[in-house]
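None of the figures in this text is laboratory data; all of them are computed from the coordinates on show. Please read all numbers here as calculations on a predicted model, not as lab measurements. Here the Cβ positions follow ideal geometry from the backbone for every residue, glycine too, while neighbour counts run over all protein chains shown.
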Amino acid sequence: MEERVRVFSYIILAVFALFILRLWDLQVVKGRWYREISERNRLRSIAIPAQRGIIYDRNHVPLVDNEPSFDIAIIREDFSDDPERLSLLAGLLDLSPEEIEKRLKDGTGSPLSPVKIKQDVSFKEVAMIEARRMDLPGLVVEVVPRRNYIYGRLASHVIGYLGYMTPRQLRDPAYNDVPVTAFVGHYGIEKTYDSLLRGKAGRRIVEVDATGRVVRIVGIQRPVKGRDITLTLDIDVQREAEEGLRGRAGAVVVLAPETGEVLAMASAPSFDPNLFARGISYRDWRRLINDPRRPLLNRAIQGVYPPGSTFKIIGALAALEEGVIDSATEFTCRGAIEMGGRSFRCWKEKGHGRISLYRAITESCDVYFYEIGKRLGIERIAEYARMFGLGEPSGIELDGERRGIVPSMEWKLKNLHERWYGGETLNTVIGQGYLSATPLQMARMVSAVINGGRLYRVHLLRDRPIELERTIEIDPGSESFLKRALIGVVEDSNGTGRKAHSGWVRIGGKTGTAQVVKKGQRGVRSKRNRDHAWFVAFAPEDEPEVAVSVFVEHGGQGGTAAAPIARDVIEAYFRADGSGLRADKEVMERSL
Amino acid sequence: MIDRRLLKNFDWGIPFVALFISLIGVATIYSATRPVFDIPQQDFYLRQLYWIAIGMLAFIFTISIDYRHLVRFAYILFLIGVILLFAVLFIGKRGMGAQRWIVLGPFSFQPSEFFKILFIVALSRYLSRMDRSRPLGLREIIRMLTLFVLIPFILIIRQPDLGTAIILLLLFSCMVMMAGVRRRIAITGIIIGLVSLPFIGSIMWENLKDYQRQRLIAFVEPEADPHGVGYHINQSKITIGSGGFTGKGYLKGTQGPLRFLPERHTDFIFAIFAEEWGFSGCIVLFLLYLFLITKGIDTVKKARDASGAFIVLGVTIAFSFYFIINVGMTLGMVPVVGIPMPLFSYGGTAMLSNFIALGIIENVRMRRSFMYY
């Protein structure tokens, strides 16, 4: 027995040794790891969302701010979903019990983290829920700042909207310190300047017990409010621009020619970014992206269209600068000219007769410009178009800007694998054919033509330094002649842009009517086949303060559909201080 | 009743170390159940203190009766124990899915806790009366199994109290082995045991309660479902591991009071101790337990007669098993079988029976010198 007792004591010692080894492994080797898990067990980090920065217009009128919103959430661990409780909650929130159950089931994360059941409930609903609080354990009313787009649809394409982070954003290191549940900019300025606007979310570190109840607050890291930003937009001008587009599809861009600032940028139809602020519903989202009128498209920068006769400004300038004509050169318009066995017609079938460059601009004579086109050739036309910013991005701080097309021989060979035909030059010089541009590009082009050839980078953030892209050498004589002719478009009795005439500011401009269908097919008179209407403008005559481009999709005649909008927008700009001409001090100072 | 010679042989180490361990236990229970936020402190630690006092009294009472009287009445006491086990099935109180308690006025106790001691004494008497010049044969073993094990085992399983039933079986095997078994029987016994383990396992499996099955699943694969059945083991490992070498410090542990660790003051109390005192504290605690076990083994050698040696052997084996299975389960090395840590876990009956067991060791130890006259 002695010996067996000894064996027994050895076994006991061996077991103790085994325990000590195990303890060593758990506590010393993996101690740090287990310590972390135990901390994670007891500490919860609850994100405190940061207030997003406020977005102001150029005169410090708030366009976007934040307002408190009440969200109803449930901590699943504490909310046992018995049918009676579910139907009580469903009744209070005006949801079906199945919907609540589904949301609870879809909720990700630990059973201790609250799952949103309904966002943005009314104050009355909150009061009703608070009254029944005892019957609804695990229910949480969260007060979260919600984005408020004060003017709804106003400038929606510029301002943009918010949404949950996309999978790509979740992986992007630039979004590392953004809580997963936070909203970030998805479109427009909200997206471009998201890193400025979003601020930094704070955290509340709380100690919880195993049932998820907060036992005490361990620490608070206060959120840092996002930076407020001031845009170059002028709300009055913007409002007028959108008013002008009401009920139509199109775009209006107003630039400050001496700075490249965007005073207004409207695209129609538009959308209400408030829909996104509380997390857009699937139904609303489908409706927006399936709408054939494409309300999410920012036509000012994402729509490319043939510029029509507004392009004649480039044609005229190129012809004068290249010396293929002078301002006194006259041609005879008989309503059409022949080239390569084809007939190229003027919009005026009877013809303009003997006509000068001035009248060719004011009355938009196509034949005169065919003659110019023949003399310039496509390469020089393309060169001037590109100099004035067509075919290149304007540099605006918005995603998805398109470049448009400035056709040339090389372009055609490369893209269509065909040689250039002379007739195509004639189409191009009147802004038809392959040529296409965005409304923003056209406004920028006008800016450079009337400010002495300075092409600025276009921008929306007020604080952004003015960037001169390049200066185009223009003979002052050609510039003043062109300006005079453009004034004539509006002021002369035969001018195509008479409808842009304003009683109290002199406006210069150029109409454009871009054909959507080839002339042979014009018989079909449906809205889809109507021409696009253009009007580009500037004002006042001396030291212009605004350059405008108006585009109305299928609007018909530029002079009828687009010119009045341009006039209203320009008047809105000068009306702001009631004195006719507004001395916008900042614009003046910056232009020096 | 206690004469001077007995006092001279009295080993003060046993009661003092036992008291020390149980007081550390109280402190740990206090920490594990200390209040957080608005949950009031439950008085587990106070009640444990009372039980320790009662345990000490029981210890004194136990040493004052010569163990040989106990041996004389061994079979009658054993019979009373079996009757109590029967009784608990009919008049017992239910608690946590099992029927283990008998309520006597303000007291409630678990007969199976005391039954172990009666079982040890009875088996010891039987073994000591046998001719031990030759190893035990198969026939004797089977006879002992039917006499001492079969009925109590079935009764305890029915409660169900899996832990105690297994302890009973292990206790029997160890005591018989220690008494000396023919090598052939010992080896075949072990082999048969190992081979039949899966069969017995599957039979047991069929008869297990749901929570018992889940514990076994959890033991085999604790990470499979961390919020479900593996939760106990995972949280226990986290609790122990997070203590590190020096521990988080007394009353600085978080896993217990915040209730991440279930059974924090009973079966998993060791994890709480390990969290607050770390590796170094555990070594000290282990040494204290080792001291008691060593005293037991030493007493086996010094006992004046065979029955005393067997009783102390049985008690020491039982005490060691409880310690090993509890700590092993807390460390995730043994399946979770609801066995408390002796002297440490919260629980009155266990505290009482542990002090009685230690009293028996002291009892036999005190009376050793009579051997050498």
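Before moving on, here are some points about what is shown:
- Long pairs among A:Lys348/A:Lys499; A:Lys374/A:Lys412; A:Lys30/A:Lys200; A:Lys30/A:Lys105; A:Lys30/B:Lys116; A:Lys374/A:Lys414, criterion Cα-Cα beyond 27 Å: A:Lys30/A:Lys200; A:Lys30/A:Lys105; A:Lys30/B:Lys116
- Using the Karplus relation 6.51 cos²θ - 1.76 cosθ + 1.60 with θ = phi - 60°, the per-residue 3J(HN,Hα) values for segment A:546-563 come to 9, 10, 10, 9, 10, 10, 10, 5, 6, x, x, 5, x, x, 8, 8, 9, 4 Hz, with x marking Gly and Pro.
- Vicinal HN-Hα couplings computed from phi for segment A:253-260 (Karplus, 6.51 cos²θ - 1.76 cosθ + 1.60; Hz; Gly/Pro x): 10, 10, 10, 8, x, 8, 9, x
- Between segment A:313-355 and segment A:380-452, the C-alpha centres lie 20 angstrom from each other.
- Average partner coverage of B:291-299, which counts Cβ from other chains inside 10 Å: 2
- Placed amide H near A:Gly152: partners under 5 Å, 5+ positions off or other chain: none
- Coupling constants for segment A:29-34 follow from the phi torsions by the Karplus curve (6.51 cos²θ - 1.76 cosθ + 1.60, θ = phi - 60°), and in residue order they are 5, 9, x, 4, 5, 5 Hz; glycine and proline get x.
- The alpha-carbon of B:Lys301 sits under 12 angstrom from the alpha-carbons of these aspartates and glutamates, leaving out residues fewer than 8 places away in its chain: A:Glu2, A:Glu3.
- Likely footprinting exposure, B:His69, A:His186, fewest C-beta neighbours within 10 Å first: B:His69, A:His186
- For segment B:4-368, size of Cβ-based charge dipole, Lys and Arg +1, Asp and Glu -1, in debye: 1540 debye
- A:Val218 long-range amide H proximity, modeled H, under 5 Å: A:Ile205, A:Val206, A:Glu207
- Amide H contacts under 5 Å for A:Leu297: none, restricted to partners 5 or more places along the chain or on a different chain, H placed in the peptide plane at 1.01 Å from N.
- Taking A:Glu3, A:Glu401 and counting other C-beta atoms within 10 Å, the order from fewest to most: A:Glu3, A:Glu401
- Those residues of segment A:266-303 whose amide nitrogen sits under 15 Å from the label point placed on A:Arg470, 7 Å along Cα→Cβ: none
- Taking B:Met366, B:Met333, A:Met134, B:Met351 and counting other C-beta atoms within 10 Å, the order from fewest to most: A:Met134, B:Met333, B:Met366, B:Met351
- Per-residue mean of C-beta atoms belonging to partner chains within 10 Å, peptide B:312-319: 1
- Sorted on the mean count of surrounding Cβ atoms within 10 Å across their residues, most packed first, peptides A:162-175, B:315-328, A:557-570, A:25-38 read A:557-570, B:315-328, A:25-38, A:162-175.
- Qualifying GluC sites (Glu not before Pro) in segment A:326-399, DSSP loop, other Cβ atoms within 10 Å at most 15: A:Glu349
- Shielding by partners - mean other protein chain Cβ count within 10 Å, residues of A:38-48: 3
- Net +/- balance of residues flanking A:Asp284 in space, Cβ distance below 12 Å, scoring K and R +1, D and E -1: +2
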